[in-house]
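The values are calculated or read from the model by the stated rules, or taken from the named source; none is laboratory data. Because the structure is predicted, anything quoted here is derived from the model rather than measured. So basically every Cβ, Gly included, is an ideal-geometry build from the backbone, and we count neighbours across all protein chains shown. What goes into the accessible areas is simple: the full protein's heavy atoms, side chains included, and nothing from ligands, DNA or RNA. Shrake-Rupley method; radii C 1.70, N 1.55, O 1.52, S 1.80 Å.
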Amino acid sequence: MSRIGNKTVAIPAGVEVKQDGFNVTVKGPKGELSRSLNENIAMNVEGSEVSFTRPSDDSRMKALHGTTRAIFANMIEGVNEGFAKTLKLVGVGYRAQMQGTKLVLNVGYSHPVEFETPAGLKIETPDTTTVIISGISKQNVGDLAAEIRSVRAPEPYKGKGIRYVDEYVRRKEGKTGK
């Protein structure tokens, strides 16, 4: 099991943490996030550090301990610095563009695929084959990036599709390859 839950989380300057029962609100320069944490894991705020304790050492509690600590650390990082995911469109004629608050993708279908920008997130297209999704919630940024990627996931033969910038697509040989 991971021992990540035993590490303390430092609260940077300019970030406020409020605890109301099991609800935690983190406010920082980029915005505010609220979340209900697990009732079995106790959160202790001591000065500019937060620690978490679990009631027992069974495997489920150890897993919840580390998960709760990681979620809280991501909330702190999100309101302080924010998160971003970059997608790359690979393929002839594949392009992305913003039309107002909509992301319009042309990825080989007979129709363009449109995504409305959700509240709290920002979508940018610096060029026609790059999409940058940014926001303060790591979960929302990752969910939207995965949803956009699922429109045309990279295929292994030609490598065409929508992929993360740091993603490696393992290529396969075709029928003629020996």
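Structural remarks
- Matching residues in the range 15-29 - criterion: being more than 16 Å from Glu39 (Cα to Cα) and hydrophobic (A, V, I, L, M, F, W, C): Val15, Val17, Val26
- Scanning the range 35-63 for residues that are open to solvent by 70 Å² or more (accessible area, probe 1.4 Å) and either of a type in the set (Lys, Arg) or touching a Pro at 6+ places or on another chain (Cβ under 7 Å) (or both) yields Arg35, Arg60.
- Within this structure, Ile71 passes the test of being in contact (Cβ under 8 Å) with a residue 24 or more places away in the chain, of a type in the set (Val, Ile, Thr) and open to solvent by 40 Å² or more (accessible area, probe 1.4 Å).
- Selection of first residues in the range 38-54 that are free of Cβ contacts under 8 Å to residues at least 24 places away in the same chain and of second residues that are loosely packed, with under 14 Cβ neighbours inside 10 Å and hydroxyl-bearing (Ser, Thr, Tyr), restricted to Cβ pairs under 7 Å at least 6 apart or on distinct chains, gives the following pairs, ordered by first then second residue: Ala42/Thr53; Asn44/Thr53.
- Residue identified as in contact (Cβ under 8 Å) with a residue 60 or more places away in the chain, out of contact with any strand residue (DSSP E or B) (no Cβ under 7 Å at 6 or more places or on another chain) and under 30 Å from Thr130 (Cβ atoms) among Lys62, Lys88, Lys30: Lys30
- Residue within the range 78-85 that is open to solvent by 60 Å² or more (accessible area, probe 1.4 Å), farther than 30 Å from His111 by Cα and touching a residue at least 12 places away in the same chain (Cβ under 8 Å) present: yes
- Close pairs from the range 3-26: first under 20 Å from Met61 (Cα atoms) and open to solvent by 60 Å² or more (accessible area, probe 1.4 Å), partner acidic (Asp, Glu) and assigned to a loop (DSSP other than H, G, I, E, B), Cβ under 6 Å, at least 6 apart: Phe22/Glu39
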